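The values are calculated or read from the model by the stated rules, or taken from the named source; none is laboratory data. Just so it is clear, the structure is predicted and the values come from calculations on it, not from any experiment. Backbone-built Cβ (ideal geometry, glycine too); neighbour counts: all protein chains shown. Just the protein is used for accessible areas: all its heavy atoms, side chains included, with ligands, DNA and RNA removed. Shrake-Rupley method; radii C 1.70, N 1.55, O 1.52, S 1.80 Å.
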Amino acid sequence: MKNFMAMITTLLVCAGCTEEILLPEPHGQISLTASVTGAAGYPSAKTAITNNSTASFASSDKIGIYETLTNRSNVPYTYNGTSWSTTAPMYWYNGTSTHTFYAYYPYNAGNQGNLVPIPLLSAQQVNTKPDTNCDMLVAGPKTQVRNTDGTTVPLTFTHAFALLEFNIKIGLLNILNPYVLKTITLSGGNPKGSSLRYGMINVSNAVGKIGYNLATGIQHTVNDSTVYTQTLQAAVPSIGLIATPTLVYMLVLPGSYHTPAPSIKFRGTTILLGGLLSDWESDNASLSTNTFNAGTKYHYEVKIGGVLGTRSVQIEKISETPLLPCEIKPVADP
């Protein structure tokens with residue numbers, strides 16, 4: 001009887017071992033390489049623009065990867081100046097199962113799930129280049145089967161926000177009086193009663209109020225205290241003495257805005273003869289557009305001043321240009 005029970009126990013243990021061995025095993029580590037491209041004047045990473053048109057990842061930059069088949073969440077990949085690596089490698093499940101990938105930049109170690117915090121756009125500084133500390137790139141969903149689609153998984157990054165580009169010129173009576181741009185005030189809000197009640201620039205990045213869902217896009221709750229008018233500090237050098245027009249940039253949340261309709265106002269200081277300073281504020285000018293799309297640059301020609309002085313402002317929307325995507329490609333296993 002004891003021998004019979006021992007045999008039964010051995011068979012059960014072996015059966016358990018056989019079942020475990022038959023489970024699919026990981027098939028090769030997924031490695032990554034990343035490249036960055038972008039429209040002129042719009043950097044795609046926090047690095048400096050080169051040749052006024054391109055940007056690249058810098059050493060120590062990190063991206064976060066989400067993979068749904070094996071439930072890998074917020075896997076960091078770090079760039080060392082040459083290649084990307086991770087301390088938490090991902091693997092192909094097998095050759096026939098479908099993997100789904102999402103990605104975002106810049107990486108945040110505290111992120112959980114597919115809803116990630118967005119940069120605080122109210123903290124951005126208006127300058128002659130976009131504030132790259134507030135830029136955000138997202139990618140996916142990208143589905144792939146290793147044996148069918150190959151071992152390289154191409155993910156295309158797009159910009160999560162819209163970009164406003166203002167080409168500022170001085171007016172006729174100010175050509176001999178240089179001025180310094182101090183602030184830009186942007187207004188624009190969603191219609192009352194809409195579930196998307198927020199302004200063009202977020203003043204909170206708590207995911208309970210607003211965040212980026214990697215599967216569906218920007219996600220927010222009704223927020224009655226949202227600021228629909230936001231003033232940003234400018235860090236633009238003195239403009240004047242018939243200076244060439246100066247480009248300044250502002251990142252905004254994508255969406256449709258009606259209450260109030262999108263508009264802009266400029267404030268600055270004119271340097272008069274003798275070194276005297278005269279503060280001024282322009283009129284409020286319409287942006288001529290209610291809807292702003294993610295990954296799109298909106299270019300405006302702005303003229304401050306004129307025969308009526310520095311208070312008048314003329315603004316005209318000239319173009320609406322999709323920003324070029326960024327590509328990140330996991331490479332074949334070593």
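Of all residues in the stretch 58-94, how many are assigned to a strand (DSSP E or B), over 15 Å from Q112 (Cβ atoms) and aromatic (F, W, Y)? The total comes to 4.
Looking only at residues in the stretch 85-132 that are among the aromatic types (F, W, Y) and open to solvent by 20 Å² or more (accessible area, probe 1.4 Å), the one that is nearest to the chain's Cα centre (by Cα) is Y107.
Rundown of residues vs (1) among the aliphatic types (A, V, I, L, M); (2) modelled with pLDDT of 75 or more, yes/no style:
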{"site": "E20", "(1), (2)": "no, no"}
{"site": "P26", "(1), (2)": "no, no"}
{"site": "L32", "(1), (2)": "yes, no"}
{"site": "T47", "(1), (2)": "no, no"}
{"site": "I63", "(1), (2)": "yes, yes"}
{"site": "S85", "(1), (2)": "no, yes"}
{"site": "G95", "(1), (2)": "no, yes"}
{"site": "V116", "(1), (2)": "yes, yes"}
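Checking every residue in the stretch 216-226 against the condition of being modelled with pLDDT under 85, surrounded by 14 or more Cβ atoms within 10 Å (Cβ to Cβ), in a loop (DSSP other than H, G, I, E, B) and touching a strand residue (DSSP E or B) at 6+ places or on another chain (Cβ under 6 Å) gives at least one match.
Residues of the stretch 289-306 include at least one that is at pLDDT below 85, under 30 Å from L155 (Cα atoms) and in a loop (DSSP other than H, G, I, E, B).
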